[in-house]
Amino acid sequence: MTEPAATPWPTESARLLEPSISYALAVVAVVTPEFLSRPTPCREWDLRMLLRHASESLAAIGAGIEAGCVGLNPAAEDDDLAADPARAFRDRACQLLGAWASPRRQRQVIEIAGCPLAAGVMAATAALEIAVHGWDITRACGRSRPIPRALATDLLVIAPVLVPGTGRHPLFAAPVTVAATASPSDRLAAFLGRTPRPTHMPGHY
């Protein structure tokens with residue numbers, strides 16, 4: 001019996017981390033305090049909750065890259081995250097990028113709750129999460145700043161490897177059908193359970 005062909009993992013997929021962070025930093029720059037109570041494409045989350053979640057993920061990934069391991073228990077929320085989640089997001093995104101780019105980073109494998117994961121795969125996973133949450137942020141702010149075409153196209157290649165099409169509840173909603181002519185940004189958002197129309201945003205993380 002022939003084994004099904006594995007989905008190809010693109011080489012140098014970790015290079016997507018920097019453009020994903022750059023995109024997210026650009027969209028979060030418009031966030032002001034009055035936006036924090038607005039709904040997001042993540043079901044039942046307002047923008048404050050989304051920024052807190054994303055900031056915690058950024059901190060955990062950055063710590064994992066530096067220490068070589070990631071625990072399951074999130075760190076306690078610090079004062080900066082509670083007082084200004086947009087600034088905390090920016091700070092932690094820059095810290096993650098610095099950790100990944102540091103010449104001191106020698107580890108090729110990172111342990112997550114005792115399970116080894118290639119550092120490049122972790123970086124690619126972070127790139128996907130950061131870019132899509134950047135898309136969530138821009139929608140919550142009433143803007144329509146798509147994920148850059150080249151970045152979204154590359155993320156569409158790795159997304160099916162990282163996120164299954166089925167059995168993804170409760171982390172992701174089911175994929176949303178979009179037109180074949182939809183942009184790469186809209187197709188990526190739809191694959192991750194977001195509806196690219198700004199008037200209805202049922203997807204959730």
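The values are calculated or read from the model by the stated rules, or taken from the named source; none is laboratory data. In this text, all values refer to a predicted model and were calculated from it rather than measured experimentally. Here the Cβ positions follow ideal geometry from the backbone for every residue, glycine too, while neighbour counts run over all protein chains shown. Heavy atoms of the whole protein, side chains included, go into the accessibility calculation; ligands, DNA and RNA do not. Shrake-Rupley method; radii C 1.70, N 1.55, O 1.52, S 1.80 Å.
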Quick one: what pairs do we get from the stretch 144-155, first residue among the charged types (D, E, K, R), second modelled with pLDDT of 95 or more and open to solvent by 10 Å² or more (accessible area, probe 1.4 Å), C-beta under 8 Å, 6+ apart or different chains?
145/26; 149/183
Which residues, counting only those in the stretch 32-62, are open to solvent by 20 Å² or more (accessible area, probe 1.4 Å) and either farther than 17 Å from residue 139 by Cα or assigned to a loop (DSSP other than H, G, I, E, B) (or both)?
32, 37, 38, 43, 44, 45, 56, 57, 59, 60, 61
Mind checking whether some residue in the stretch 165-173 is modelled with pLDDT under 95 and in contact with a helix residue (DSSP H, G or I) (Cβ under 6 Å, 6 or more places away or on another chain)?
no
Consider residue 189 against the criteria (1) more than 18 Å from residue 58 (Cα to Cα); (2) part of a helix (DSSP H, G or I); (3) open to solvent by 10 Å² or more (accessible area, probe 1.4 Å): it satisfies all of them except one. Which criterion is unmet?
(3)
State whether one or more residues within the stretch 99-114 are in a helix (DSSP H, G or I), open to solvent by less than 70 Å² (accessible area, probe 1.4 Å) and modelled with pLDDT of 80 or more.
yes
Surrounded by 21 or more Cβ atoms within 10 Å (Cβ to Cβ) and modelled with pLDDT under 70, is that true of residue 20?
no
